[in-house]
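Below is one structure, written out as structure tokens; the observations come after it.
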Amino acid sequence: MDRLEGAWHGQGSGSYPESGEFDYLENINFKKSPKGFMVYSQTTTSLQGSPLHQELGYIRADEQTGNLELLIVQPTGIAEVLVGEVMRDGQDFRFELDSKVVATTPSAKEVTRTGRYFYLENGALSYQVHMEAVGEEYQLHLEASLVPSESN
């Protein structure tokens, strides 16, 4: 998990029946807390630089069992609790997390299930987000490829 620490940037694409297809730029930061968990923050913009999305969260890992918990809050009124495991292959690893709870505020869109899949391979970070929302079946919603920012 320490190899995640720092800033990452790159480009992603998404689609969903209610929004169509779109591309975006992304910045993710992982910062290790003195208490052992990681603080996660993410922002996206359009290719022209307009703000699109942001979220904050925490990653808690049990290095001995490989279990992982990810808690995410979005300003759109959605909170996710995801659990999964870390799988390692030398210096590379992946973690696959599925939602145990998705909570929404009364004004948020309906989201009933999420899955987040991160892959760190050959120094690059990629991910996919799957979602079941607004009456649609569980499906791929977002995917992106990121590299370390120069400040890492």
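The values are calculated or read from the model by the stated rules, or taken from the named source; none is laboratory data. Given the structure is predicted, the values throughout are model-derived calculations rather than measurements. Note that each Cβ is placed from the backbone with ideal geometry, even for glycine, and that neighbours are counted across all protein chains shown.
Among the residues of segment 62-84, the one identified as in contact with a Phe, Trp or Tyr (Cβ under 8 Å, 6 or more places away or on another chain) and over 16 Å from Val129 (Cα atoms) is Leu68. Among the conditions (1) in contact with a helix residue (DSSP H, G or I) (Cβ under 9 Å, 6 or more places away or on another chain); (2) within 30 Å of Glu110 (Cβ to Cβ), the only one that Lys32 does not satisfy is (2).
Look at segment 50-94 and say how many of its residues are in a loop (DSSP other than H, G, I, E, B) and either at pLDDT 95 or above or surrounded by 17 or more Cβ atoms within 10 Å (Cβ to Cβ) (or both). Count: 4. Taken over segment 11-21, the residue count meeting the criterion of being assigned to a strand (DSSP E or B) and either loosely packed, with under 15 Cβ neighbours inside 10 Å or at pLDDT 95 or above (or both) is 7.
Remark: Tyr127 matches the filter, which requires a residue to be at pLDDT 95 or above, under 11 Å from the mean Cα position of the chain (by Cα) and aromatic (Phe, Trp, Tyr).
Condition test on Gly123, is it exposed (fewer than 12 other Cβ atoms within 10 Å of the Cβ) and small (Gly, Ala, Ser)? Yes: the conditions hold for Gly123. Taking (1) in contact (Cβ under 8 Å) with a residue 12 or more places away in the chain; (2) more than 24 Å from Ser13 (Cα to Cα) in turn, Ser99 satisfies each apart from (2). Only one entry in Gln54, Gln42, Gln139 is of a type in the set (S, T, N, Q), in contact (Cβ under 8 Å) with a residue 40 or more places away in the chain and out of contact with any helix residue (DSSP H, G or I) (no Cβ under 8 Å at 6 or more places or on another chain), namely Gln139. Restricting segment 100-124 to residues that are assigned to a strand (DSSP E or B) and of a type in the set (D, E, K, R) leaves a set whose member that is modelled with the lowest pLDDT is Glu121. Quick check: anything in segment 112-122 in contact (Cβ under 8 Å) with a residue 24 or more places away in the chain, of a type in the set (Val, Ile, Thr) and within 16 Å of Ala61 (Cβ to Cβ)? Within segment 112-122, not a single residue is in contact (Cβ under 8 Å) with a residue 24 or more places away in the chain, of a type in the set (Val, Ile, Thr) and within 16 Å of Ala61 (Cβ to Cβ).
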